[in-house]
Structures are given as structure tokens and as C-alpha cells.
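Trainee: Mind looking over this structure? Questions follow.
The values are calculated or read from the model by the stated rules, or taken from the named source; none is laboratory data. Treat the numbers as computed from the prediction; the structure is a model and nothing was measured. Virtual Cβ from ideal backbone geometry, glycine too; neighbours counted across all protein chains shown.
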Amino acid sequence: MKSIIITGGAGFIGSHVTRTFVNKYPEYQIINLDALTYAGNLGNLRDIEERSNYKFVKADITDANKIVEIFKEHQPDGVIHLAAESHVDRSITNPVAFVMTNVIGTVNLLNAAKEIWEDHYYEKRFLHVSTDEVYGSLGEIGLFTETSRYDPHSPYSASKASSDHFVRAYHDTFGLPVVLTNCSNNYGPNHFPEKLIPLCIHNILHNKPLPIYGDGKFTRDWLFVIDHARAIDLVYHKGKNGESYNVGGFNEWQNINLVKELCKQMDEKLGRPERTSEQLITFVKDRPGHDIRYAIDATKINRELGYSPSVTFEQGLSETIDWYLSNQEWLNDITSGDYQQYYKMQYTV
Ligand code: NAD
Ligand code: DAU
């Protein structure tokens with residue numbers, strides 16, 4: 001039986017990747033390695049936690065010795081690395097945590113894989129999940145391709161760029177069989193409500209202001225999380241060693257227009273009069289170093305691996321809102337406790 005360690009499997013994207021692999025590949029043993037930080041939630045995986053090909057291991061990737069121990073015990077054939085500090089705003093208040101997890105943690109995993117695989121790389125694979133933010137910010141035109149220059153601006157994107165460089169360095173120096181994905185903004189069920197879409201869904205439900213940074217004209221390129229999981233599956237199995245694949249759905253939205261669309265759909269689903277939620281929109285101070293526009297050119301993954309998204313944005317957003325409406329307990333659990341403190345610190349001027 002092949003085994004794969006998925007790091008960060010209790011987080012937003014990681015939980016969808018874990019579920020995809022556990023369901024689709026009963027012949028693989030899937031080990032979810034996660035430290036369960038504020039962003040990790042085993043409640044995201046209740047439906048698969050009893051499956052015989054799934055196991056959870058609590059560990060911190062910054063602990064090099066522990067990681068080697070786990071790799072020796074489980075002898076993974078593959079690693080899909082998603083564990084990270086992922087929120088740009090938190091990287092502005094605490095950059096060091098991002099260096100520790102995103103840079104040091106990644107290097108610890110690379111070292112552990114190198115040690116247990118001992119140059120026997122046949123049918124082994126280390127997939128590093130990265131982001132489009134490493135490419136920096138676009139003007140009004142153009143798209144990020146795999147050869148775009150790295151130009152990160154936030155401590156988060158700088159830490160992800162650094163981890164990407166280490167992953168490539170281990171390929172070039174030690175021959176480690178790595179592949180990388182650089183994906184655009186994800187949305188969908190289980191998204192932590194510090195990020196724009198789930199934060200606005202939560203606030204609309206509670207009639208709270210919808211904080212829009214700056215003039216709201218910043219642009220992001222949105223992909224349904226299950227389509228990201230499908231891309232990771234494809235790249236893990238069919239990607240070429242040493243290569244990067246941009247993942248996206250050619251779906252750009254200015255933040256203000258996206259939030260208005262969300263308000264419209266929420267009003268319809270909640271049976272509120274038209275434009276009720278839009279009135280909650282509040283412009284607040286901008287994020288420092290805020291990147292203006294991200295947009296992914298996903299031609300390579302489409303042409304070489306036959307990838308394309310399975311849902312339209314309208315379908316994905318509607319499905320996402322429905323999930324939050326039927327899982328308000330999940331949202332309430334997460335937004336009690338520490339979240340309140342974070343929210344006050346981030347949004348009180
Ligand atoms: P998330 O914050 O929801 O989840 C991160 C997970 O990593 C959590 O389960 C957390 O407990 C775990 N984790 C954090 N620090 C850890 C540590 N030191 N040791 C072990 N586990 C730790 O993040 P996400 O949004 O699901 O993102 C997952 C990955 O995808 C990240 O690498 C991120 O950079 C990348 N990515 C995210 C997006 C997006 O839109 N969310 C887009 C492109 C790429
Ligand atoms: O592009 C991929 C990246 O997308 C991932 O690598 C990151 O892990 C992920 O967090 C996400 O980063 P963003 O900064 O783009 O996502 P966020 O949801 O935080 O913000 C989306 C846009 O909305 C951005 O322009 C900032 C703006 N925003 C965000 C919040 C939280 C607001 O206007 N108000 C807010 O309250």
C-alpha cells in the first residue's frame with residue numbers, strides 16, 4: 001500500500017485535498033500531519049475520520065526531529081505539503097511565525113524526505129503547494145505565467161517565495177523529485193472566516209459591517225477549493241519532476257464587485273429585500289503593501305495535464321453560501337474565543 005503524508009490536512013484546502021485522496025484512492029494510506037493551529041480543525045474531516053486508509057498525526061513541522069521520526073515510522077512514498085501560516089494580514093503583525101512554519105517547516109520536510117528516500121527516488125514525489133502571491137502584483141493587464149519573475153511584497157508571500165526556492169534547490173542539488181503548484185485565491189466550504197469571502201458571509205448573517213480595504217478595486221482570481229484539490233491530484237500523479245504548474249480558473253473579480261455579488265446571493269437565500277446586505281459595506285483603512293491585482297494564466301496545466309475547473313463561479317459561490325448556511329455551528333464554534341480578539345485587533349481603528 002502506498003502512503004502519502006498530507007501536511008496541513010486539517011486546514012481549509014488541506015481538508016478538501018485529504019478527502020479527495022481518501023475517497024478516490026482506497027489503496028493509499030493517507031496520513032494527515034497537522035499541528036492544529038487556530039486554522040486547523042479536525043471537524044473539517046468528520047466524514048472520513050473513521051476510514052481505514054486515513055490517519056491523523058498531530059505534529060509541528062518546525063520540529064525537525066519529530067518530523068524525521070514520523071517519516072521513519074510511516075515511510076511515505078509521497079508528501080503533499082500544504083501546512084502553512086496562510087493569512088496575509090497576520091503576516092503583517094507577526095512575520096516571524098511565517099518564517100518559522102513556511103520556510104523552516106518546509107526545509108524540515110524536504111530534509112526528512114531526502115533522509116528516508118536516501119536517493120531512491122523511483123515513484124517518490126514531493127508536491128509543494130504554493131501561491132500566485134509569489135509573483136507580486138499585476139497592473140491592469142497581463143497574467144502570471146510559470147516564468148513570471150518572483151516579486152513578493154508581504155511577509156506571507158516572501159515566506160512562500162522562499163519556500164518555493166528551497167523546494168527547487170532540493171531538486172536541483174539533491175535530485176529530490178519535487179513538483180510545485182502556484183494557485184490563485186480559493187473559496188468554498190470550511191474557509192476560515194478571517195479571509196474575505198467567509199468573513200463577509202459571517203458578517204452578513206450577523207448584520208455586521210463588511211470591511212472593504214481601501215477603495216475596493218483590488219482584484220483577485222477566484223477558484224473553487226474542490227477544483228484546486230483536483231489540480232493537486234493531477235499534478236501529484238502526472239506532473240513532471242522539477243516543474244511548476246499555475247492553477248486558476250480565469251475568474252477575476254474586483255473585491256467590491258465580488259462582495260456585492262455575495263450580498264445579492266445572500267439576500268436571495270435569506271429572503272431579505274434586495275440590497276439589504278449591500279448597505280453593510282464599509283470602506284476601511286487599506287492593508288499595507290496591498291497587491292493590486294492577481295491573475296493566473298493556467299494554460300500550462302490545461303495543455304499538459306488536461307486540467308480545467310469543474311464549476312462556474314456562480315455555482316461555486318452558491319454552493320459555498322449554502323454550506324455556510326447549513327453549518328452555522330461550525331462558524332459559531334470558530335468565531336467564539338480567540339477569533340473575537342483577532343477581529344478587534346484587525347478591524348478596530
Ligand atoms: P489554512 O490556514 O486554512 O490551513 C493551514 C493548515 O496548516 C492548518 O490546518 C494548520 O493547523 C496547519 N499548520 C499551520 N502551521 C503548522 C505547523 N507549524 N505544523 C503543522 N501544521 C501547521 O491554509 P489554506 O488556506 O488551506 O492554505 C493551504 C496551503 O495552500 C498553504 O500552503 C497556502 O499558502 C496555499 N494556498 C492557499 C490559497 C488560498 O486561497 N487559501 C491559495 C493558494 C495557495
Ligand atoms: O492568491 C492566493 C492567496 O489568497 C493565498 O496564498 C493566501 O493564503 C490567501 O489568504 C489569499 O490571500 P488574499 O490576501 O488575496 O486573501 P484575503 O481573503 O485575505 O483577501 C482577498 C482580498 O480582499 C484582498 O485584496 C484583501 C481584501 N480584503 C480582505 C479582508 C480579509 C478586504 O477588503 N477586507 C477584508 O476584511
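Trainee: Among the residues of the range 254-299, count how many are free of Cβ contacts under 8 Å to residues at least 40 places away in the same chain and touching a strand residue (DSSP E or B) at 6+ places or on another chain (Cβ under 8 Å).
Mentor: So the count comes out to 2.
Trainee: Checking the conditions here, which among Gly214, Gly188 is under 28 Å from Asp47 (Cβ atoms), of a type outside the set (A, V, I, L, M, F, W, C), in contact (Cβ under 8 Å) with a residue 40 or more places away in the chain and within 15 Å of ligand 2 (Cβ to nearest atom)?
Mentor: Of Gly214, Gly188, the one residue that is under 28 Å from Asp47 (Cβ atoms), of a type outside the set (A, V, I, L, M, F, W, C), in contact (Cβ under 8 Å) with a residue 40 or more places away in the chain and within 15 Å of ligand 2 (Cβ to nearest atom) is Gly188.
Trainee: Within the set of pairs 6+ apart or on separate chains, which have a first residue in the range 30-44 that is farther than 18 Å from Leu199 by Cα, a second that is of a type in the set (Asp, Glu) and within 16 Å of ligand 2 (Cβ to nearest atom), and C-beta atoms under 8 Å apart?
Mentor: That search, which allows pairs on different chains as well, returns Thr37/Glu85.
Trainee: I'd like the full set of residues that are away from ligand 1 (no atom under 13 Å from the Cβ), touching a strand residue (DSSP E or B) at 6+ places or on another chain (Cβ under 7 Å) and outside any loop (DSSP other than H, G, I, E, B), limited to the range 32-84.
Mentor: Residues satisfying the conditions are Tyr54, Lys55, His74, Gly78.
Trainee: When only residues in the range 176-217 that are of a type in the set (Phe, Trp, Tyr) and in contact with a strand residue (DSSP E or B) (Cβ under 7 Å, 6 or more places away or on another chain) count, which is surrounded by the most Cβ atoms within 10 Å (Cβ to Cβ)?
Mentor: This residue is Tyr187.
Trainee: Then there is this: Only one of (1) under 19 Å from the mean Cα position of the chain (by Cα); (2) away from ligand 2 (no atom under 14 Å from the Cβ); (3) in a helix (DSSP H, G or I) is not met by Ala231, so which one is it?
Mentor: Among (1) under 19 Å from the mean Cα position of the chain (by Cα); (2) away from ligand 2 (no atom under 14 Å from the Cβ); (3) in a helix (DSSP H, G or I), Ala231 violates only (2).
Trainee: Something else: State whether the residues of the range 122-131 include one that is modelled with pLDDT under 95 and surrounded by fewer than 23 Cβ atoms within 10 Å (Cβ to Cβ).
Mentor: Looking for residues that are modelled with pLDDT under 95 and surrounded by fewer than 23 Cβ atoms within 10 Å (Cβ to Cβ), one finds at least one in the range 122-131, hence yes.
Trainee: Please state which one of Ser15, Ser3 is polar (S, T, N, Q) and not in a helix (DSSP H, G or I). Give the steps one after another, and end with the answer.
Mentor: Numbers: Ser15 fails: not in a helix (DSSP H, G or I).
Unique residue meeting the criteria: Ser3.
Trainee: May I ask you to say which residue of Ile204, Ile197 is within 14 Å of the chain's Cα centre (by Cα), part of a helix (DSSP H, G or I) and either among the aliphatic types (A, V, I, L, M) or over 25 Å from Gly40 (Cα atoms) (or both)?
Mentor: Only one candidate passes the filter, namely Ile197.
Trainee: In addition: Out of Val247, Val259, I need the residue that is within 19 Å of the chain's Cα centre (by Cα) and not hydroxyl-bearing (Ser, Thr, Tyr). Which one?
Mentor: Being within 19 Å of the chain's Cα centre (by Cα) and not hydroxyl-bearing (Ser, Thr, Tyr) holds for just one of Val247, Val259, which is Val247.
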